[in-house]
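Below you'll find the structure, written out as structure tokens, and then a few comments.
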There are 4 protein chains.
Amino acid sequence: MTVRFGLLGAGRIGKVHAQAVGSNTQGRLVAVADTFEKAAKEISAAYGAEVRTIEAMERASDIDAVVICTPTDTHADLIERFARAGKAIFCEKPIDLDVKRVEKCLAVVDKTRAALMVGFNRRFDPHFAAVRKAIDEGAIGAVEMVTITSRDPGAPPLDYVARSGGIFRDMTIHDFDMARFLLGEELVAVSAHASVLVDKKIGEAGDFDSASVILETATGKQCVISNSRRATYGYDQRIEVHGSKGMIAAENQRPVSIELANEKGYTRPPLHDFFMTRYIDAYANEIVAFIAAVTAGTKTSPSGQDGLAALKLADAALKSVKQRKAIRLDTAAERNLGPMS
Amino acid sequence: MTVRFGLLGAGRIGKVHAQAVGSNTQGRLVAVADTFEKAAKEISAAYGAEVRTIEAMERASDIDAVVICTPTDTHADLIERFARAGKAIFCEKPIDLDVKRVEKCLAVVDKTRAALMVGFNRRFDPHFAAVRKAIDEGAIGAVEMVTITSRDPGAPPLDYVARSGGIFRDMTIHDFDMARFLLGEELVAVSAHASVLVDKKIGEAGDFDSASVILETATGKQCVISNSRRATYGYDQRIEVHGSKGMIAAENQRPVSIELANEKGYTRPPLHDFFMTRYIDAYANEIVAFIAAVTAGTKTSPSGQDGLAALKLADAALKSVKQRKAIRLDTAAERNLGPMS
Amino acid sequence: MTVRFGLLGAGRIGKVHAQAVGSNTQGRLVAVADTFEKAAKEISAAYGAEVRTIEAMERASDIDAVVICTPTDTHADLIERFARAGKAIFCEKPIDLDVKRVEKCLAVVDKTRAALMVGFNRRFDPHFAAVRKAIDEGAIGAVEMVTITSRDPGAPPLDYVARSGGIFRDMTIHDFDMARFLLGEELVAVSAHASVLVDKKIGEAGDFDSASVILETATGKQCVISNSRRATYGYDQRIEVHGSKGMIAAENQRPVSIELANEKGYTRPPLHDFFMTRYIDAYANEIVAFIAAVTAGTKTSPSGQDGLAALKLADAALKSVKQRKAIRLDTAAERNLGPMS
Amino acid sequence: MTVRFGLLGAGRIGKVHAQAVGSNTQGRLVAVADTFEKAAKEISAAYGAEVRTIEAMERASDIDAVVICTPTDTHADLIERFARAGKAIFCEKPIDLDVKRVEKCLAVVDKTRAALMVGFNRRFDPHFAAVRKAIDEGAIGAVEMVTITSRDPGAPPLDYVARSGGIFRDMTIHDFDMARFLLGEELVAVSAHASVLVDKKIGEAGDFDSASVILETATGKQCVISNSRRATYGYDQRIEVHGSKGMIAAENQRPVSIELANEKGYTRPPLHDFFMTRYIDAYANEIVAFIAAVTAGTKTSPSGQDGLAALKLADAALKSVKQRKAIRLDTAAERNLGPMS
């Protein structure tokens, strides 16, 4: 079986997903939609696909699944529309910046029994996935303490900051998902500190650029997250999981692994400086997993509920910063979450 | 000038300090006191010193300085006695487990103008000291985020746990001092989570064995600390400082640095499994620094105020765990602290 | 301009090159030939190409270039035929196992002015290429000593060993090319030792499985090569270049870069265990370079003369083992070699 | 039992050995001799020893052992004198630069049954010793290929070069001993290349500054050595042993192990820049081993025969460079060597 795809949004992430579909022997790109028609044409030409409107895709009988890469504020609407149209849906994170809106959207997904996968691509990074696999194999015994270091090479443009939902919903949200992925237990409490150390204008825009977070599960497992919007040495992305029998970690990745030695010392090149090169394999692998789930009719993961859970953690972190206390998560809602993938 | 020493306490730390004094061309061990006379005799014999009572040392004209390695609950008394006796004092941390008692003791030190140095030996670890030096030289620009990982190879005996003052006052206190040493600013807020993941009996004794802490300075600089009482891979002691222009880190140390490669992969030996081998150089270097300060008549550092500040952070962390909120430090008292070394 | 390709040989390397051509926007796979028709059909189907005979490709006006991935003993003939047919040629190494045959073949290439590139793929490994680039940028000053470690995960099948031309022509030949690539000077002397330590049957087949080689240039620059046909820890491929101002090295690559710590120590996974995964990027990059050279009409590199030079070094190494002396290379012939790329 | 020592030669190595004796609870420094009396006084004062003449030491009943740190050309004479005087002897390498002289000296040692240990300190480096231990424990199966990289931070003064015996007898000799130590088999063949790449004046003095060597044992085990008299990145001292079941290696050592990351990459400090700091532990450990052997009456190792074997390899390497062929070692003489330690 080949999964026939419609691509919504032909920007840089759209291109990445188009290539992932195009190079997958089980996937075929059938149609591309973008309000900027030139972008849609370029991608469709490269993969033998057509340019279509979103409406045409909803009605199309030759499309099994869509990849949503449009602006964030359109995600929830599009998910609902294509859930109702009976298509499998891969949606870039986040579903929405507002928890209520996400919950309403997931109710539609639930009712239509649509297959929905949210693009928390880091779960598919080969190194992070290998860490999860080692944990599953019992390599470190019971998971106890997770450490996530996540720093961007540089702050995003200020207009992006303004509409990003803030550092916790935009940046830390990946780390919240990774914490859930690695701890394997729902989180019940969040303490966070945040400040403006990189760029005062980020503060003037009502956001933070530096944050530290502690997460805790019901059984007392802990996770610390360290975020900064600027790292001169590249895109700093590390995870470390300490358990009863040992520790497993995934170190940073760099484009080339050479080392120069001279009177100044031993120098390796900086890290990747861009999330798309750092996570190039992860982007490809998540589409592989999506196609495999759709083909086999199995559960897509990470799910919409995973997206919701991460967003709630982001909201709780922000609340913790403002109220200067640990925030207890609404465990009643948490209880409804499906099992973690 | 040679500094003539009396050693109070001939246990394992006492032996370490005796050797540090004995191998220093500027120091000479004159007398040793211990309620367990055999221990005192052994050390004194090895270094050509005498066994004396504490009282005799107070009155002795041939002793310039004392090293206090007796049990914690005697520290404050001994500091006061030798401060009044006009001796320079090197005291193992902590001064006391009670803030009020420490403050009273430091008032005596203040009044007698005694030279007092507290044994926060990690400041003198060559690798950690090199990190501090690099920061001072501007290598990473302005310090922003400090990450301290500090895990013991195994939990201490339960009877020790009971009288230790708890994980924050016993174990994290080193990390609090290191945070102050590296941040170079006083801390104004603490959030902490702690739980029992290693050994239920530690919990039954009223203590925790796993903790995560966020510290924040008035300017928004942050530090995260991760503690565990058990690490199968050895004594895990890492620091990392992220700044505006870069990052500097000190990695773990191991007794031998070989690597074995076979079908299972590439394996390096575990870390040091004992704090005294891990910090062997640090113990020697702190005595070197103490002797140098006493000889030159300069300020000893870390000071009694440094000891007090770390203890206050420990108290605040415990309060944060119990009250589930960020604890604001008493900055009025903080304001009285001398400049950090 | 698009370079239209014919692929000769549809085995595992053929598939790799087909994908490299197929995913290159400047290349198109037009036809595939293989005596095993099923293999040819599979590849041609995947890339929208036709199955054709070699003869048909020679005459085809819709083919600009061929990639030769057929058995070694057909390479020289095919190069001559397609050189005469006016096609650009990419040929897997080696051109032939016999120096005379290679020289005769290159004479035809010379006369027909055909563009010929030999598949020394390691020059295109991103890490090794970065080493060469750093040297070119003066990072280590004048190159003085090159160290190449090259060990296979396991010995090839004995029937392969028998027709391989021996360890120096089959395995070390890559290292000889790498030595020339890194030293940037022709070699004038070779000393080699070889023995059978891995598998006695390799010895019975008249070959060696373990070898050490010293190469020297006219100006006294040196290179040491260490080869083994078996490494339990994976495909061991390292280069290191020491120069007047420093050293630059490329370390081994592994599929995932995680690290597990427990009471046995700190373990990273083994290396790649297969040359095709280890050099996956190099295979793609060499086709990119070939297409770029053909498109631009520039010199292809590594050239047929590079292939000949490496083969001569292999012959000299074997002679050195047998005669137990340093072998001086025929510098008159060497003098005719073009400048190194 | 305490071993009472006489120290011959109070230069920088003499000081190192004096400290090793002085800090050993089983050793005591009794007397120091040096033609430069001030140096002898300084050391003797520091350790409560006397200044004596060599003659007085020969006759002294309060001296059990001597440490010979005088200039190379006096070593053989002094060994003979103190062997006849019935003292245990620790002698800095080499015994002499001339094989005949060494053989004559060892004949005296043999006849007098004196305990003689030669200062190949690298065997006692904790990291190298751990490699040997792992081999003994079967960690890598049968040893097959040894790789030794040995580069000095900078070339020695030209007047030293002139009387050093040349690079092979002065510098590579340590690597020859390490090869024997790690291979665990006698060597039967040597091929070497050497040239002048660092400093022309070294060439004018009749020596080389860059060398590559292959060693081979009777069973075909191989060792490659890479030497240079200048490495901008510090004192480069690495060993790597490849065997049938795996590989074990000891990496370089640096004074502090911090890492700085910034836009230029990740930089660790240079290596040790001086053999005495790099091998500080090795110098102490070899004296510990000597004292232990003398106290227990067991065989001292490395022995005089080990010194002779390494010197013969140096001579053979030089011959190989000059005759441009592999040199077969005189196995009859080799056969007389005792078992390797």
Of the residues in the stretch C:243-272 that are more than 7 Å from chain A (Cβ to nearest Cβ) and within 21 Å of B:Gly234 (Cα to Cα), the one that is farthest from the chain's Cα centre (by Cα) is C:Glu263
| message | Yes or no: the stretch B:224-242 includes at least one residue that is small (Gly, Ala, Ser), at pLDDT 95 or above, within 30 Å of B:Ser23 (Cα to Cα) and touching an Asp or Glu at 6+ places or on another chain (Cβ under 9 Å). | response | yes
Residue hits (the stretch C:9-44; outside any helix (DSSP H, G or I) and farther than 18 Å from C:Asp62 by Cα) are C:Gly9, C:Ala10, C:Gly11, C:Ser23, C:Asp34, C:Thr35, C:Phe36
Filter the stretch B:69-109 for residues that are over 14 Å from B:Gly307 (Cα atoms) and of a type in the set (D, E, K, R); the one that is nearest to the chain's Cα centre (by Cα) is B:Asp73
Among strands (runs of 3 or more DSSP E) completely within the stretch A:215-265, the ones holding 3 or more residues that are assigned by TED's automatic domain parsing to the domain that holds A:Glu185 and touching a Gly at 6+ places or on another chain (Cβ under 9 Å) are A:258-262
message = C:Met145 - would you say it is outside any helix (DSSP H, G or I) and within 16 Å of the chain's Cα centre (by Cα)?
response = no
Just wondering, is there one or more residues in the stretch A:124-135 that are more than 17 Å from the chain's Cα centre (by Cα), assigned to a strand (DSSP E or B) and among the small types (Gly, Ala, Ser)?
no
Pairing a residue in the stretch A:139-154 that is more than 23 Å from B:Ile148 (Cβ to Cβ) with any residue that is small (Gly, Ala, Ser) and assigned to a loop (DSSP other than H, G, I, E, B), where Cβ atoms lie under 9 Å and the two sit 6 or more apart in sequence or on different chains, gives A:Ala139/A:Gly246; A:Gly141/A:Ser244; A:Gly141/A:Gly246; A:Ala142/A:Ser244; A:Pro153/A:Ala231; A:Pro153/A:Gly234; A:Gly154/A:Ala231
Counting only residues in the stretch D:263-320 that are closer than 23 Å to D:Ala250 by Cβ and of a type in the set (D, E, K, R), the one surrounded by the fewest Cβ atoms within 10 Å (Cβ to Cβ) is identified as D:Asp281
Those residues of the stretch A:139-149 which are among the small types (Gly, Ala, Ser) and more than 9 Å from chain B (Cβ to nearest Cβ) amount to A:Ala139
Checking C:Asp209, C:Asp170, C:Asp175 in turn, the sole residue that is among the acidic types (Asp, Glu), within 30 Å of C:Ala130 (Cβ to Cβ), surrounded by 24 or more Cβ atoms within 10 Å (Cβ to Cβ) and more than 8 Å from chain D (Cβ to nearest Cβ) turns out to be C:Asp175
Quick count over the stretch D:3-39, residues being of a type outside the set (A, V, I, L, M) and either buried (at least 17 other Cβ atoms within 10 Å of the Cβ) or outside the structural domain of D:Ala60 (by TED's automatic domain parsing) (or both), is 13
Within the stretch D:320-338, residues being outside any loop (DSSP other than H, G, I, E, B), modelled with pLDDT of 95 or more and in contact with a helix residue (DSSP H, G or I) (Cβ under 9 Å, 6 or more places away or on another chain) number 4
Discussion item. Within the stretch A:277-292, does at least one residue satisfy the condition of being under 30 Å from B:Ala189 (Cβ atoms) and in the same structural domain as A:Ser195 (by TED's automatic domain parsing)?
Written reply: no
| Out of curiosity, is C:Leu187 touching a Cys at 6+ places or on another chain (Cβ under 6 Å) and within 13 Å of chain D (Cβ to nearest Cβ)? | no
Log entry, pairs with first residue in the stretch D:310-331 being on the phi > 0 side of the Ramachandran plot and within 11 Å of another protein chain (Cβ to nearest Cβ), second being of a type in the set (Gly, Ala, Ser) and not in a helix (DSSP H, G or I), beta carbons closer than 9 Å, six or more apart or on different chains, reads D:Arg324/C:Ala189; D:Arg324/C:Ser191; D:Arg324/C:Ala326
If we keep only residues of the stretch A:220-229 that are at the interface with chain B (Cβ under 8 Å from one of its Cβ atoms) and in contact with a Lys or Arg (Cβ under 8 Å, 6 or more places away or on another chain), then the residue nearest to A:Ser195 (Cα to Cα) is A:Ser228
task = Please work out if D:Asp281 is outside any helix (DSSP H, G or I), out of contact with any strand residue (DSSP E or B) (no Cβ under 6 Å at 6 or more places or on another chain) and away from chain C (no Cβ under 13 Å).
result = no
Considering the stretch B:116-138, residues that are surrounded by 23 or more Cβ atoms within 10 Å (Cβ to Cβ) and hydrophobic (A, V, I, L, M, F, W, C), and then whichever is farthest from the other protein chains (Cβ to nearest Cβ), we arrive at B:Leu116
Only one of B:Ala194, B:Ala189 is touching a helix residue (DSSP H, G or I) at 6+ places or on another chain (Cβ under 6 Å) and in a strand (DSSP E or B), namely B:Ala194
When B:Ala56 is run through (1) more than 24 Å from the chain's Cα centre (by Cα); (2) surrounded by fewer than 20 Cβ atoms within 10 Å (Cβ to Cβ); (3) within 14 Å of chain D (Cβ to nearest Cβ), the failure sits at (3)
Scanning the stretch D:236-252 for residues that are closer than 17 Å to C:Ala249 by Cα and polar (S, T, N, Q), the one surrounded by the fewest Cβ atoms within 10 Å (Cβ to Cβ) turns out to be D:Asn252
Taking the stretch D:292-319 and keeping only residues that are closer than 21 Å to D:Asp330 by Cα, part of a helix (DSSP H, G or I) and among the polar types (S, T, N, Q), one is left with D:Gln305
Exactly one of C:Thr232, C:Thr217 is on the phi < 0 side of the Ramachandran plot, more than 8 Å from every other protein chain (Cβ to nearest Cβ) and β-branched (Val, Ile, Thr), and that residue is C:Thr217
Scanning the stretch A:85-115 residue by residue, the ones that are surrounded by fewer than 20 Cβ atoms within 10 Å (Cβ to Cβ) and assigned to a helix (DSSP H, G or I) total 10
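The values are calculated or read from the model by the stated rules, or taken from the named source; none is laboratory data. On a predicted model such as this, the values are computed, not experimentally measured, just so you know. Don't worry about glycine lacking a Cβ; one is built from the backbone with ideal geometry, like all the others, and counts go over all protein chains shown.
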